Amino acid sequence: MKQIFKNNTQHHGARLPGMESLTELYKVGSGPSSSHTIGPERACLLALKKFPAADEFRVTLYGSLAKTGKGHGTDTIIRKTFYPMPCEIIFDPENEDIPHPNTMDVAALSKGHEFGRLRILSVGGGRIQVDGEAVAEPKMHYTLKTWKDIRAYCEKKNIRLWQFAEENEGPEFWLYMTDMWEAMKASIRAGLECEGELPGGLHVQRKAKYLYYRRSLGESSETRENRLVCSYAFAVSEQNAAGEKIVTAPTCGASGVLPAVLYYEQHKNGFADWEVVRALAAGGIIGNLIKTNASISGAECGCQAEIGTACAMAAAALGELFQLSLDKIEYAAEIAIEHHLGLTCDPICGLVQIPCIERNAVAAMRAINAVTLSDFLSDTRMISFDKVVRAMMETGRDMSDLYKETSEGGLATLGVEQALRP
């Protein structure tokens, strides 16, 4: 499939003069995909508002929405949003002449006749754009949009990343971020108590509770850390796969990484909630930089844009929690991105389960390791964070469309027969 979308996923080809609020990055929503469930849900709500005279809708899905929409529950969320009005859903995976990998047409009908239509793009992180309409210029909370500039500013004023966020967001921002942390904790706790099979037909069993309670005699501290961090990541990711409420960090599919790391460190070291919330802000700055200068969309840049970004956010947040220097925080985030370069997005049957759930756990552990490594070796690094972000975007552009959330290549095709075997 030739995806004709140009340049930056979040802004439909436009390079913005700064960065948006972190409230556009961290959002509570229903899984399993910010682009495949939250975005289409908002598209349907927009259609309901724009066409109040409609008594029926017809939605046509293209690109990644067509190829993996059933696995992501796109059709389910569309019908739920339009209910009780009927809605016909058409999956069109063949049409290549689309402006974005996640394109959908919403037609409004009255007494069987179409009287209105919108082409809507789900551009990542739950955001939507109406094709053909001028993109409303979002409010830029941050005038600086490179790590180099942010670091220089913070060093000049002798402030930390969370203080930089506060300067640009305002003091009321902390109430929002506190809500995000509470929602993250709630998704972990709920996921740790759930058992059974996840929906979708792959017969994937929930494992978070098993990991959390499976203590063994003579368990080393390192093994315990791995087990607990993984259990927290599995908990959130399994909640996401089940369509439950999670926080995008930066997306639904990568939502388990950041909360797993911070929840573990809070319980291990006794950090207060306000300390963790500040760390979330620091991680958000990193996520925002990637969102602005590259992509957080698996449909555009593969899983490196989702899990890679989440790992970098978690590493930066943990560095902030430990009060590391800006240099060490940068190196930790750079390590996290560098070692996810080229990571494909090829989920089996389009479900955010295999390899997505395990991938969240692996990335959470990698974030902790990145912080440890940066603490030792930050003086020896040779690649800047800004450069590795640029490399990620270039890698995504060069990556075959088979590995960008289409489930047409790699693990998605090689593993499907075994996965569906009764």
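Taking all protein chains in place and a 1.4 Å probe, what share, in percent, of the accessible surface of the chain do carbon and sulfur account for? Taking all protein chains in place, the chain shows 52 percent carbon and sulfur surface. State the antiparallel share, in %, of DSSP beta bridges confined to the chain, rounding to the nearest 5. Looking only at bridges with both residues in the chain, the antiparallel portion is about 75 percent. Translational diffusion of the stretch 65-208, estimated by Stokes-Einstein from the Kirkwood radius over alpha carbon pairs at 25 °C in a medium of 0.890 mPa s, is 122 µm² per second.
For residue 109, neighbours were defined as the other residues whose beta-carbon sits under 14 Å from its Cβ, and their charges (Lys and Arg +1, Asp and Glu -1) total -1. Nearest 0.05, what FRET efficiency do residue 221 and residue 94 give at R0 = 56 Å with Cβ-Cβ as r? With R0 = 56 Å, the Cβ-Cβ based efficiency is 0.55.
Among the listed pairs 49/80; 157/328; 50/145; 27/387; 245/268, a Cα-Cα separation exceeding 23 Å is found for 50/145; 27/387; 245/268.
Absence of a disulfide-compatible partner, taken as no other cysteine beta carbon within less than 4.7 angstrom, is noted in the chain for 44, 87, 154, 194, 230, 252, 301, 311, 349, 356. The residues of the chain present an accessible area of 41 Å² per residue when probed at 1.4 Å with all protein chains retained. Using only side-chain charges placed at the Cβ, +1 for Lys and Arg and -1 for Asp and Glu, the dipole size of the chain relative to its Cα centre rounds to 280 debye.
Neighbours of residue 196 by Cβ distance under 12 Å: Lys/Arg scored +1, Asp/Glu scored -1, total -1. Report, in whole Å, the centroid distance computed from the Cα atoms of the stretch 277-299 and the stretch 202-240. Each part's Cα centre sits 26 Å from the other's. Loop-resident GluC sites (Glu not before Pro) (DSSP state other than H, G, I, E or B) in the stretch 172-206 with no more than 13 further Cβ atoms inside 10 Å of their Cβ: 172, 193, 195. Considering only 143, 168, 103, the residue lying farthest towards the positive end of the dipole of the stretch 64-170 is 168, judged by Cα position with unit charges set on Cβ.
The values are calculated or read from the model by the stated rules, or taken from the named source; none is laboratory data. Please read these numbers as outputs of a predicted model, since none were measured by experiment. Positions of Cβ are generated from backbone atoms using ideal geometry, with glycine treated the same way; all protein chains shown enter the neighbour counts. These area figures cover heavy atoms from the full protein model, side chains too; ligands, DNA and RNA do not enter into them. Shrake-Rupley method; radii C 1.70, N 1.55, O 1.52, S 1.80 Å.
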